[in-house]
Amino acid sequence: IADVKEEIDHELVSRAQIDAKIHEMAAQVSQDYRDKNPLVVAVLKGAVNTLVEFTEALSIPVQIDFMSLSSYGSGTESTGTVTVRQDLSADVRGRHILIVEDIIDSGRTLAWLVDELKRRGAASVEVFALLNKPSRREVDVEVKYPGYEIPDEFVVGFGLDYDERYRNLESIAVLKPSVYQGEQA
Ligand code: PRP
Ligand code: MN
Ligand code: MG
């Protein structure tokens, strides 16, 4: 098996850029949520890397919980249906929720989650998403803490996968076309 770096076509967002954006948003969130006892909800699996760095950069104490959601199968296209693989352990009633996501593509995952948390009685629900692909949006979602806008390319790394692999890359990259073989976008 080749070194993972040999399968990268090009890097799209460097680790320095990732770090800068996460720290910028963490400073803003630390101000905005100072008196709110926020519950940070990370959307597994993709948001794991972002969550860790983001919460370490906060200057206020927060509670962290996880929800595992899936709408992509093994390919690069959304199935359009959000599946709950694992639910939160916390009760969100009356809580100020900050969702942490790695990427917004069609918007279906976030739109579903924001609605669901409000339905469960959250006092407020806001979103920090490291990456955003506005050109692919199908459902509108309001993002209070936006990260980088990226073009319509399938990206991996820093938590993002292709067919469950490449989440462990340290930065955001596009794979060589040969890696996506068998599927044509
Ligand atoms: C990916 C990504 C977001 C979502 C964005 O998750 O991590 O959660 O898709 O796409 P959308 O805006 O079109 O809904 P995925 O379903 O691949 O699960 P994963 O996080 O476990 O990889
Ligand atoms: Mn995800
Ligand atoms: Mg995925």
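The values are calculated or read from the model by the stated rules, or taken from the named source; none is laboratory data. Please read all numbers here as calculations on a predicted model, not as lab measurements. Here the Cβ is made from the backbone with ideal geometry for all residues, glycine too, and neighbour counts use every protein chain on show.
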remark   = Over the stretch 50-65, the set of residues more than 11 Å from ligand 1 (Cβ to nearest atom) and either closer than 16 Å to residue 97 by Cα or within 15 Å of the chain's Cα centre (by Cα) (or both) is 51, 52, 53, 54, 55, 58, 60, 61, 62, 63, 64, 65
inquiry  = Looking only at the stretch 83-96, filter to residues that are aliphatic (A, V, I, L, M) and surrounded by fewer than 17 Cβ atoms within 10 Å (Cβ to Cβ); which one of those is farthest from residue 62 (Cα to Cα)?
reply    = 84
ask   = Residues of the stretch 63-82 being farther than 14 Å from residue 43 by Cα and either hydroxyl-bearing (Ser, Thr, Tyr) or crowded, with 18+ Cβ neighbours inside 10 Å (or both), which ones?
value = 74, 76, 78, 79, 81
task = With the condition kept exactly as written, say whether any residue in the stretch 125-138 is among the acidic types (Asp, Glu), within 16 Å of ligand 1 (Cβ to nearest atom) and either out of contact with any Lys or Arg (no Cβ under 8 Å at 6 or more places or on another chain) or without any contact (Cβ under 8 Å) to a residue 12 or more places away in the chain (or both).
result = no
query = Does residue 122 satisfy the criteria of being of a type in the set (A, V, I, L, M), within 20 Å of residue 66 (Cα to Cα) and part of a loop (DSSP other than H, G, I, E, B)?
reply = yes
query = For the stretch 36-55, which residues satisfy the criterion of being touching a residue at least 40 places away in the same chain (Cβ under 8 Å), surrounded by fewer than 18 Cβ atoms within 10 Å (Cβ to Cβ) and within 16 Å of ligand 2 (Cβ to nearest atom)?
reply = 44, 48
request  = Would you check if residue 99 is crowded, with 17+ Cβ neighbours inside 10 Å, at pLDDT 95 or above and either in a strand (DSSP E or B) or within 16 Å of ligand 3 (Cβ to nearest atom) (or both)?
outcome  = yes
ask   = Does residue 105 fit the bill of being acidic (Asp, Glu), modelled with pLDDT of 95 or more and within 19 Å of residue 136 (Cα to Cα)?
value = yes
task = Could you tell me which of the residues 161, 91, 105 is more than 15 Å from residue 51 (Cβ to Cβ) and either more than 15 Å from the chain's Cα centre (by Cα) or β-branched (Val, Ile, Thr) (or both)?
result = 91
request  = Kindly establish whether residue 167 is over 14 Å from the mean Cα position of the chain (by Cα), in a loop (DSSP other than H, G, I, E, B) and of a type in the set (Lys, Arg).
outcome  = no
query = Does at least one position in the stretch 125-132 carry a residue that is of a type in the set (Val, Ile, Thr), more than 16 Å from ligand 3 (Cβ to nearest atom), on the phi < 0 side of the Ramachandran plot and part of a loop (DSSP other than H, G, I, E, B)?
reply = no
